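Novice: Mind looking over this structure? Questions follow.
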Amino acid sequence: MAHRIYLYNSDLKTKEQYPHYLGEWSYEIPPLLIPLFSGNPRSKGKLMYFDKEEGVSKLRLFYQLLADHHELHHKKFYEEPVGKMFEFLESLPYDTFVMDAWDVFNMNEESHTSQAKEWIEEIRESIQLYQRSIESGDVNILQEEILKRSGYGSFLEMLETDWINYGLGYWNDAAYKDTTETFEENGLFGLKDSKGNSILAAVYDEIFIFSDEGTALVQKNGLFGYIRNDGSIAVECMYQDAFDALSIHDREYGIVQSDNHLGIIDINTGEWTVPNEYDQLEFLYDGLFNAKKTDGFRVIDVHNREIIADRSETTFDFDYHELIFRKQPGSSKRVYYTLTGIYLGEFPEDTLTQITNGYYWVSPNKFQKKISIIQPDGCLLASEIDKIIVLDNYTSLAYLKDRKWKIYDMVSSGFRLDDEVLDQVHMGWYPQFMKNVFVISGPDGTGLYDAGEGFWLIPLSAGNLKIEACNQEIFRISVRDGMFYYDQKTDTKSLKYDYICEGLDYETQLLCLFRNEDMFILDKMRKVHEVSDFQMGMMYGKKHNLRGKDQAYFLNFYTLWKNRKGEGYEAYFDDETLMSAAAACFKEGKTGDAVRLYSLGADRDNADMMLELSFILTDPGIPKFYDLQKGLSLYEKAAQKDQSYAWNNLGYHYQNGIGYPKNVKKALKCYQKAADLGNATAMGNLGDLYFYGELLLKDYDRALEYYKQAEKKYSFNGQNISEIYYQKGAYADLHRYLKKDRDEPYSLIYYGIMYDHGYGVKQNTKKAMGYYEKALDHSTYYYALERLLYYYKDDPSFADPEKWEYWRAFAKDNDMDI
């Protein structure tokens, strides 16, 4: 069973509460909503409280950041649900959000009050992360602590989840859709507003469900009418029977019964749009109705116009292909009509598919072995078709009949190239970027044709060996001695190249172009740039973006380029590529190559490559390249360029007397310089110096200060922080940090001691023993073993000779002298 969190809107002074709960969530607050609880988070008893105005303001800033980051501004699919969510939140009548997580708290034996306090602290920590993210404009700050735990790869993925619906899905439908609710008094029903005030007296026998537009069917003294959700009367109760309001083309209508016959009224005016002259009247689809008199069913619209005059013994049905049909007794065929009443013919189910502009095609079936096409007037355009090409965004189609291809444009209602012999019509992946374009082959060669406009983009030619889409609106055309490209967007035909393929960098490049020993790029602005030698390494780093023959061509070109440049070709690489190549060599065990490449970067005064080279030169585990003084010299040069890890590593060498005389003051200075540059490792090292107190006077407060600084940079020292809180007797803080130990390598021993002695929790020996046993699965904790041996031997409530013997054997096996 899922454990739930419930959220309410309340006035703490008057104790008034919004009539609906606002939302219910499983186990935890949704990551998209955490900024909503920025307003003075606090707890009292088991409940948690948050100021509404500040919370909604902070949530707006967070959504602004998400929209900026994921380019969602002015996108209807995003702004509609998000706008509705904020409209709902800002219109809530009371100033406080109240959160009740009792259902989640029941999962833990700790008191609900304690858990509420701890949860408020966790919410405050999370809010700090969100605030930093908002202030810096960097969503990635939330990656480790928020997104990874959520199971989503990005906030966009979260927003686009169907049930979340950009955040609106988190909220109770009844809370934001209904502003009123019914109440009963003396067996009759009326309406109250969201604050509980009566807005419609209890005079109705029944009030049915309100529509999305806010209209409800009501019954009074046996007669029916309609009311609005603001309490106003739309149609007086005057009809023998009536049905729920129907929204048709932004107006509301009602099927009602008067004088024992059915008709339709316009609820806005109360006037008949269909007179009450039908025995049966049922909504069919989009303003169409099944209407029956004595001679059978027909189809009419909301204004009583006859759409399908044919009579049927049974009701007409709607087909999702935008068709109306009626079944035929004793036959699997159905009689199909368009929504305007055009008769299309008799076909089996699921064989008719709408194309565009009112055209349909009929797929092969047991009554018809080949394809046919029906025109908007219901007449056949063609039959006995072997193959058809129809696409959603195309207004032209192609089909093969009698071994010949035909192209037809559905806008002009005419055939294209009707005098030409078309041997083949090709399609690729490009239709999503352009429409009505076909690659056509005939006796005179191959060309590219725009069937919508009716002209050749690339005329038929025997010299065109192959035409294929290369990137969006761009085709490459292979000829006998090379390739050229055609850009449909700019109607541009290029010069000839040896080879053309799509760009290596999808974000900035459209095409890669090769001619002799030169490579060029067509960028997103449609400008051609020559690739310099210093860009080749970067290009090679993106080789995985090409596939098949395109990648093979580029790799061969790159190999030839390397051969021309000779040994040391890497000197042409940009810094990022050079460093990446060096790192790959080191990872593959090619340390000599790594040193050579890092040295090239160091010679360029690149601080990061000085650092990486120093790592290798100062590592005694790599004796072949060990050169401590050179490595330290490079650390010093990199440090002067504010390379924070260089400062940190100098601190390590001063602290341990490696290459320098041991000097704690200089070590501190180096670590502090690195920390000032934002280096989390250095912050942790400073914390360690004060925590362990081996070279400095032990100072838990200063250690905690540095550990907290490191934590803000996502470097965590949870075990040492936990020990500090334990030693200081700050058990509430300790408990909060132990919860962060998800893999439980160190928290178990603390839980054991806390429950053993009642430190910050209710004393519970059984729990303590359980934690001690789990702790010993991770490490050889002497204290845990001593306590278990004591309880299993000397405590009358837990004495167990068999378990005592087991733990004695455990001590012997693990050389633990107890």
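The values are calculated or read from the model by the stated rules, or taken from the named source; none is laboratory data. Computed from a predicted structure; not experimentally measured. Counting neighbours? That spans all protein chains shown, and the Cβs are built from the backbone with ideal geometry, glycine included.
Novice: With the condition being among the aliphatic types (A, V, I, L, M), surrounded by fewer than 21 Cβ atoms within 10 Å (Cβ to Cβ) and over 35 Å from the mean Cα position of the chain (by Cα), I'd like the strands (runs of 3 or more DSSP E) fully within the stretch 374-478 carrying at least 2 qualifying residues.
Specialist: 380-385, 455-461
Novice: Quick one: which residue in LYS406, LYS369 is out of contact with any Pro (no Cβ under 9 Å at 6 or more places or on another chain), of a type in the set (Lys, Arg), free of Cβ contacts under 8 Å to residues at least 12 places away in the same chain and farther than 19 Å from PHE318 by Cα?
Specialist: LYS369
Novice: Continuing with the same structure: Looking at this structure, is ASP733 surrounded by 15 or more Cβ atoms within 10 Å (Cβ to Cβ), modelled with pLDDT under 95 and outside any helix (DSSP H, G or I)?
Specialist: no
Novice: Take residues that are within 25 Å of ARG742 (Cβ to Cβ) and assigned by TED's automatic domain parsing to the domain that holds PRO745 and tell me which of the helices (runs of 4 or more DSSP H) falling wholly in the stretch 647-728 contain 1 or more.
Specialist: Filter on the stretch 647-728 gives 718-728.
Novice: Give TYR751, TYR783, TYR755, TYR791 a once-over and let me know the one that is in a helix (DSSP H, G or I) and under 22 Å from ILE120 (Cβ atoms).
Specialist: TYR751
Novice: Does TYR553 satisfy the condition of being over 35 Å from the mean Cα position of the chain (by Cα), on the phi < 0 side of the Ramachandran plot, of a type in the set (Ser, Thr, Tyr) and not in a loop (DSSP other than H, G, I, E, B)?
Specialist: The answer is yes for TYR553.
Novice: How about the stretch 1-37: which of its residues are among the hydroxyl-bearing types (Ser, Thr, Tyr) and not in a loop (DSSP other than H, G, I, E, B)?
Specialist: TYR6, TYR8, SER10, SER26
Novice: Take the stretch 306-327 and flag every residue that is hydroxyl-bearing (Ser, Thr, Tyr) and more than 46 Å from the chain's Cα centre (by Cα).
Specialist: Hits for the stretch 306-327 are SER312, THR314.
Novice: Can I ask one more? Tell me, which residue of the stretch 22-51 that is among the hydroxyl-bearing types (Ser, Thr, Tyr) and in contact with a helix residue (DSSP H, G or I) (Cβ under 7 Å, 6 or more places away or on another chain) is surrounded by the most Cβ atoms within 10 Å (Cβ to Cβ)?
Specialist: SER38
Novice: With the structure loaded, tell me whether GLY254 is assigned to a strand (DSSP E or B) and not polar (S, T, N, Q) or whether it fails that test.
Specialist: So GLY254 fits the description; yes.
Novice: Restricting to the stretch 479-512, name every residue that is under 16 Å from LYS549 (Cβ atoms), over 37 Å from the mean Cα position of the chain (by Cα) and either buried (at least 19 other Cβ atoms within 10 Å of the Cβ) or of a type in the set (Phe, Trp, Tyr) (or both).
Specialist: Residues satisfying the conditions are MET483, TYR497, TYR499.
Novice: Of the residues TYR660, TYR690, which single one is in contact (Cβ under 8 Å) with a residue 24 or more places away in the chain and either touching a helix residue (DSSP H, G or I) at 6+ places or on another chain (Cβ under 8 Å) or of a type in the set (A, V, I, L, M, F, W, C) (or both)?
Specialist: Result of the check over TYR660, TYR690: TYR660.
Novice: In the set SER91, SER57, SER38, SER26, which member is on the phi < 0 side of the Ramachandran plot and touching a residue at least 60 places away in the same chain (Cβ under 8 Å)?
Specialist: SER38
Novice: How many residues are among the hydrophobic types (A, V, I, L, M, F, W, C) and touching a Lys or Arg at 6+ places or on another chain (Cβ under 9 Å) when one looks only at the stretch 553-589?
Specialist: Of the residues in the stretch 553-589, 7 are among the hydrophobic types (A, V, I, L, M, F, W, C) and touching a Lys or Arg at 6+ places or on another chain (Cβ under 9 Å).
Each row is one residue, and each column tells you yes or no for (1) without any contact (Cβ under 8 Å) to a residue 24 or more places away in the chain; (2) surrounded by 19 or more Cβ atoms within 10 Å (Cβ to Cβ).
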| site | (1), (2) |
| --- | --- |
| LYS293 | yes, no |
| ASP310 | no, no |
| THR314 | yes, no |
| PHE325 | yes, yes |
| LYS333 | no, no |
| GLY341 | no, no |
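Novice: Over 19 Å from the mean Cα position of the chain (by Cα), modelled with pLDDT under 85 and either surrounded by 17 or more Cβ atoms within 10 Å (Cβ to Cβ) or not assigned by TED's automatic domain parsing to the domain that holds LEU36 (or both), is that true of PHE105?
Specialist: yes
Novice: For residues in the stretch 269-306 being in contact with a Leu (Cβ under 6 Å, 6 or more places away or on another chain) and of a type in the set (A, V, I, L, M), which is farthest from GLY330 (Cα to Cα)?
Specialist: Looking at residues that are in contact with a Leu (Cβ under 6 Å, 6 or more places away or on another chain) and of a type in the set (A, V, I, L, M), I get LEU281.
Novice: What pairs come up if the first residue lies in the stretch 612-630 and is under 15 Å from ASN656 (Cα atoms), the second is assigned to a loop (DSSP other than H, G, I, E, B), and their beta carbons are under 6 Å apart, counting only those six or more places apart or on different chains?
Specialist: Between residues of the stretch 612-630 that are under 15 Å from ASN656 (Cα atoms) and residues that are assigned to a loop (DSSP other than H, G, I, E, B), the close pairs are PRO620/TYR626; LEU628/THR618; LEU628/GLY659.
Novice: Another question, if that's okay. Taking the conditions exactly as written (more than 28 Å from ILE141 (Cα to Cα), acidic (Asp, Glu) and at pLDDT 95 or above), does GLU694 satisfy them or not?
Specialist: no
Novice: Tell me which residues, restricted to the stretch 144-153, are without any contact (Cβ under 8 Å) to a residue 60 or more places away in the chain, on the phi < 0 side of the Ramachandran plot and either small (Gly, Ala, Ser) or in contact with a Phe, Trp or Tyr (Cβ under 9 Å, 6 or more places away or on another chain) (or both).
Specialist: The answer is GLY153, and nothing else.
Novice: Then there's this: How many residues does the stretch 513-524 hold that are in contact with a helix residue (DSSP H, G or I) (Cβ under 9 Å, 6 or more places away or on another chain) and either closer than 11 Å to TYR485 by Cα or of a type in the set (Asp, Glu) (or both)?
Specialist: 1
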